[in-house]
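Please read the structure below before turning to the comments.
The values are calculated or read from the model by the stated rules, or taken from the named source; none is laboratory data. This is a predicted model, so every value here is computed, not measured. Positions of Cβ are backbone-derived with ideal geometry, glycine not excepted, and every protein chain shown enters the neighbour counts. Heavy atoms of the whole protein, side chains included, go into the accessibility calculation; ligands, DNA and RNA do not. Shrake-Rupley method; radii C 1.70, N 1.55, O 1.52, S 1.80 Å.
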Amino acid sequence: MKSKISQEEQEQLIGILKIRFEKNTKRHQNIEWSNVETKLNANPEKIWSLLQMEKTDGEPDVVGYDKNTDEYVFFDCVAESPKARRSLCYDRKALDSRKEHKPKNSAVDMADEMGIELLTEEQYRQLQEFGNFDTKTSSWIATPDDVRKLGGAVFCDFRYGRVFLYHNGAESYYAARGFRGFLKV
């Protein structure tokens with residue numbers, strides 16, 4: 001359930017995001033921080049979601065601008081899949097299907113609770129253009145409906161200089177697999 005954050009938390013998060021933005025200019029060429037900050041301040045519910053991304057070790061950063069919707073796009077840009085979002089099965093159906101040794105949550109449910117969405121395969125590949133992410137971990141990504149209907153889910157990682165897309169049973173979970181999300185502000 002979404003909550004409000006204090007003015008102090010908002011200012012602190014915006015400060016963290018600004019420092020990250022300035023340190024990683026390759027991710028957002030031709031984007032001005034002042035425009036991002038204005039958009040953030042006009043969307044407090046999105047700041048709450050970004051705070052959840054930050055609190056779960058995602059290190060969100062601006063990776064683009066959607067001209068059609070006039071929104072800035074944030075991805076989780078932490079080097080490895082966010083630590084506080086690992087050991088999760090794919091979705092609620094998968095979680096409910098486990099009779100024992102259930103994980104604490106599912107990736108889709110947790111993303112929904114945070115107000116974000118799982119990266120798509122295309123977005124995951126875009127992320128890799130900014131560096132090498134998930135070289136030791138993997139991340140669940142948005143799974144096509146036809147794959148999910150058959151009981152599967154997909155995840156990606158980066159090995160041997162390339163992105164690999166894999167499948168697994170949606171109910172599986174591993175200590176080295178989490179999920180990466182995105183948010184438009």
Measure nothing but the geometry: give the 0 to 90° angle between the long axis through the Cα atoms of 44-55 and the longest principal axis through the Cα atoms of the chain, rounded to 10°. 60 degrees
Expressed as a rounded percentage, what relative contact order does segment 1-158 have, with Cα pairs under 8 Å and six or more residues apart? 18 percent
Measure nothing but the geometry: give the 0 to 90° angle between the long axis through the Cα atoms of 7-23 and the longest principal axis through the Cα atoms of the chain, rounded to 10°. 90 degrees
Please list 171-178, 31-38, 10-17, 158-165 highest first by mean number of surrounding beta-carbon atoms within 10 Å per residue. 171-178, 10-17, 31-38, 158-165
Distance between Cα centroids, segment 66-109 to segment 124-165: provide it in whole Å. 12 Å
Most to least packed among 128-139, 69-80, 48-59 [average Cβ atoms within 10 Å]: 48-59, 69-80, 128-139
Taking the solvent-accessible surface of protein heavy atoms with a 1.4 Å probe, what is the per residue accessible area of segment 97-173 in Å²? 56 Å²
Which of the aspartates and glutamates could a cross-linker span from LYS99 if the Cα-Cα distance has to be under 12 Å and same-chain partners fewer than 8 positions apart are dropped? GLU171
Students often forget the sequence filter, so: which lysines lie under 16 Å Cα-Cα from LYS104 once same-chain residues fewer than 8 apart are removed? LYS83, LYS93
